[in-house]
Amino acid sequence: MLTQVLLGLRLEGVEYGRCLIQAPWAVAFPASREARFHFVAQGGCWLRTASSEWMRLESGDAVLLPHGSFHVLASAPEVPSVDIDRLAHVPISENIYLVRGEATGSDAAPSSVMFCGSMRFNLDPLHPLLAMMPEVMHAGALAKRDPTVPGLLEAMEREVSLDRIGACGILARLADVLAASIIRAWVECGCSDSTGWIAAVQCPRIGKVMAAIHAEPERDWSVPVLAELMGASRSTFAEAFTRTVGESPAKYVAKVKMFQARRWIAQEGMRITVAAHRLGYDSEASFSRAFKRVIGQPPSAVRSEQVQHRNMSRLAD
């Protein structure tokens, strides 16, 4: 199950920036729907979130903030910060920019060189894997256990330092791969205790059932069907599933269905009636009640947000 989830996990690069900044500097990144990624190519810096103390990042290090939490990067903790949008952004390609700090002139040698980006997961933000991720995922802490991570960090460092033709495009692709590798290393290195979602999907029998639910959320997954898939009686299956996952099969199936519905509506612009029909609901009203119970807001609100976001994007273009 974990292999299937990680194979299906996609990180789409929304925007990247090669940042050249002269000390002293401090840049604030507002909370975002997208995940944030930072690679320190030169100079080192400090990182702080709203709920954590300052963390030192050395040259050649990288961090992923999967929830897009507010955070500050700085050459020193005491430097007052400016918003990232106040810095000069020079377009290099469609979604890649050269970002220069306020104190960095065209002839000034930057004291810090970074490659920063925002990424969008193809999983719903409420997906158990994303919900379990910490606020900050530090590549340095995972590199010791995953041989893939140091190699990717070294490749990014070479591309930044050599500044060859097309380097930013290659860096963007490396950033996508590195972020996915950070997540995989976090999962493999014991991101959770012996209970909960990670433990459930690592169980061969329960994991098989959960993989089927996630692969086809639109199916009518009744307890008898799931029990047969596991190869157990209804009562044995229901007890084992609830004990391992922490909630009943029916509740978990409903949650996965609504995750899928929100993704259809918010990311693909699907009409609510179409989503309701695909998931087997007899009426839009019953679907809307189930959606609000799981997601916390009606599908019409998600639909409105999607339309508003699309209109804002058109105005920005």
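So the values come out like this:
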| quantity | calculated |
| --- | --- |
| Pairs where the first residue, in segment 68-89, is over 19 Å from ARG56 (Cβ atoms) and touching a residue at least 40 places away in the same chain (Cβ under 8 Å) and the second is in a loop (DSSP other than H, G, I, E, B) and among the acidic types (Asp, Glu), C-beta under 6 Å, 6+ apart | GLY68/GLU34 |
| Pair list, Cβ < 7 Å and 6+ apart or interchain, from segment 18-35 residues that are touching a residue at least 24 places away in the same chain (Cβ under 8 Å) to residues that are basic (Lys, Arg) | LEU20/ARG100; PHE29/ARG36; GLU34/ARG120 |
| Test: residue in segment 117-124 that is hydroxyl-bearing (Ser, Thr, Tyr) and either at pLDDT below 85 or touching a Gly at 6+ places or on another chain (Cβ under 6 Å) (or both) | no |
| Qualifying residue in segment 228-238 (condition: assigned by TED's automatic domain parsing to the domain that holds GLN202, buried (at least 19 other Cβ atoms within 10 Å of the Cβ), among the small types (Gly, Ala, Ser) and in a helix (DSSP H, G or I)) | no |
| Unique residue being touching a residue at least 12 places away in the same chain (Cβ under 8 Å), over 18 Å from HIS127 (Cα atoms) and among the aliphatic types (A, V, I, L, M) when the list is MET230, MET210 | MET230 |
| Residue within segment 306-314 that is out of contact with any Asp or Glu (no Cβ under 9 Å at 6 or more places or on another chain), at pLDDT below 85 and among the basic types (Lys, Arg) present | yes |
| Members of segment 14-36 that are within 17 Å of the chain's Cα centre (by Cα) and at pLDDT below 90 | VAL14, GLU15, TYR16, ARG33, GLU34 |
| Filtered residue count, segment 141-174, keeping only those that are touching a Cys at 6+ places or on another chain (Cβ under 9 Å) and not in a loop (DSSP other than H, G, I, E, B) | 3 |
| Filter result for ARG243 (surrounded by 13 or more Cβ atoms within 10 Å (Cβ to Cβ) and either among the basic types (Lys, Arg) or not in a helix (DSSP H, G or I) (or both)) | no |
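Okay, residues lined up against (1) charged (D, E, K, R); (2) surrounded by fewer than 18 Cβ atoms within 10 Å (Cβ to Cβ); (3) at positive phi; (4) in contact with a helix residue (DSSP H, G or I) (Cβ under 8 Å, 6 or more places away or on another chain):
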{"residue": "VAL223", "(1), (2), (3), (4)": "no, yes, no, yes"}
{"residue": "ALA250", "(1), (2), (3), (4)": "no, yes, no, yes"}
{"residue": "LYS255", "(1), (2), (3), (4)": "yes, no, no, yes"}
{"residue": "MET258", "(1), (2), (3), (4)": "no, no, no, yes"}
{"residue": "SER283", "(1), (2), (3), (4)": "no, yes, no, yes"}
{"residue": "PRO298", "(1), (2), (3), (4)": "no, yes, no, yes"}
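Residue-wise test of (1) crowded, with 16+ Cβ neighbours inside 10 Å; (2) part of a helix (DSSP H, G or I); (3) without any contact (Cβ under 8 Å) to a residue 12 or more places away in the chain; (4) outside the structural domain of ALA41 (by TED's automatic domain parsing).
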site	(1), (2), (3), (4)
ASP176	yes, yes, no, no
PRO217	yes, no, no, yes
THR273	no, yes, yes, yes
HIS277	no, yes, yes, yes
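The values are calculated or read from the model by the stated rules, or taken from the named source; none is laboratory data. Since we're looking at a predicted model, the values are computed, not measured. Every residue, glycine among them, receives a Cβ derived from its backbone with ideal geometry; neighbour counts consider all protein chains shown.
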